[in-house]
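Here the structure is laid out as structure tokens; the discussion comes afterwards.
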Ligand code: C2O
Ligand code: CU
Ligand code: CU
């Protein structure tokens, strides 16, 4: 199927390539064991009593960590057991366009009781995540964000692994959801949650080997919050950002040099646990007043006596280096919306207003017909994208389907690490470089979901 010739409305008649009838007659792919995920209503004790009207992959637990192996075929049947439409997106993975989970752009939204099979082979190892891309604001705010791990083809010898899904919930003191978005927030930095959590817990605790080397994986899956993380009580080293092993070092998260993780970003840190049994290592984030503890690791058992210098080394993922001798340069301006009604989001939920724009045009909506690409590129083209923020707010800018790295900023030094989500500070212009090597229509948007859903979205097209 060519994504260039199928009209958006073309999804209406025929179900998308991955769609499966309720009877489940689609032939099973022999090469991959099919996992399954059912998006459903849930309840869970986040505060003191169960919060109702959550959305998860279980009725009574957070979405699971999904694992797959680098270079091995993976398939998952996503079933929608909510009354709303949905679609699942694999944030940061370089998948074929039809598997990207973007409503109307790559598939028709999944209706209640329907199943869509996503199948792809992950090329890159590392820490990624998944979330709906339809009814995004609602389903994500209610809980539907999970961590996805692609294991290295050759397993690495850490003593333990701890995965932290960092996000807020917007609850009142009785544990009930309050307005998930507000016009005031959407027009500024977003509407913040009231309860910070790690793995849906206000303080997530893990026992790990005394003196061991822990692979700590962090994912910022909140719709709004930009984390400034601090690690207390242990030495360690940041080894990967946004899925990819570092090309250039990033300071260990401390009060002086907190690790900034904006919505959509991930980090991996090797933590050398203290050699004393019972010692605590705390993950905190900057918060009004004093830093707020999110998670704690505790040393248990006889000391392993490992040394940081002996930590396993991650291998780079197969990302192609752009040729920057004479790259094509394209500029994208992120700013306020001059005017414009609410986006046409079809079955995928509109917040009811537009505030933001890319290149001075607010996103017309997921379901709008004939929305042009922001730019069209040839497959294999090396490009520099200049991202210019004309607004007084920060925007984590995310591109689907491909990997890029920053090469400059007008405000600060940016390490040139591969990523899919780059935080663009107020009034900042950054340049990113990449090879346009994955054909298709790729969503390009701010990951503050209220910004995305009120205009700060679009797509680029790669042909060939
Ligand atoms: Cu993580 Cu287009 O999204
Ligand atoms: Cu994405
Ligand atoms: Cu934004």
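The values are calculated or read from the model by the stated rules, or taken from the named source; none is laboratory data. Note that the structure is predicted; figures quoted are calculated from it, not measured. Quick reminder, even Gly has a Cβ in these numbers, built from the backbone with ideal geometry, and neighbours come from all protein chains shown.
Overview of values
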| read-out | value |
| --- | --- |
| Scope segment 403-415; condition in contact with a strand residue (DSSP E or B) (Cβ under 6 Å, 6 or more places away or on another chain) and within 16 Å of ligand 1 (Cβ to nearest atom); matching residues | 404 |
| Per-region count, segment 433-455, residues within 14 Å of ligand 1 (Cβ to nearest atom), outside any loop (DSSP other than H, G, I, E, B) and out of contact with any helix residue (DSSP H, G or I) (no Cβ under 6 Å at 6 or more places or on another chain) | 6 |
| Residue that is nearest to residue 383 (Cα to Cα) [pool: residues in segment 408-432 that are within 20 Å of the chain's Cα centre (by Cα) and part of a strand (DSSP E or B)] | 432 |
| Segment 143-180, residues that are crowded, with 22+ Cβ neighbours inside 10 Å and not in a strand (DSSP E or B) | 143, 144, 145 |
| Qualifying residue in segment 423-435 (condition: within 16 Å of ligand 3 (Cβ to nearest atom), buried (at least 21 other Cβ atoms within 10 Å of the Cβ) and modelled with pLDDT under 95) | no |
| Single unsatisfied condition, residue 140 versus (1) within 13 Å of ligand 1 (Cβ to nearest atom); (2) more than 16 Å from the chain's Cα centre (by Cα); (3) under 14 Å from residue 40 (Cα atoms) | (2) |
| Selection status of residue 36, over 30 Å from residue 194 (Cβ atoms), at pLDDT 95 or above and not in a loop (DSSP other than H, G, I, E, B) | yes |
| Residue within segment 318-328 that is modelled with pLDDT of 95 or more, assigned to a strand (DSSP E or B) and away from ligand 2 (no atom under 16 Å from the Cβ) present | yes |
| Strands (runs of 3 or more DSSP E) (entirely within segment 62-109) containing at least 3 residues that are free of Cβ contacts under 8 Å to residues at least 60 places away in the same chain, away from ligand 3 (no atom under 16 Å from the Cβ) and closer than 18 Å to residue 148 by Cα | 74-80 |
| Residues of segment 366-389 satisfying the condition of being closer than 16 Å to residue 452 by Cα and out of contact with any strand residue (DSSP E or B) (no Cβ under 9 Å at 6 or more places or on another chain) | 368 |
| Unique match (being in contact with a strand residue (DSSP E or B) (Cβ under 6 Å, 6 or more places away or on another chain), within 13 Å of ligand 2 (Cβ to nearest atom) and closer than 14 Å to residue 332 by Cα) among 433, 457 | 457 |
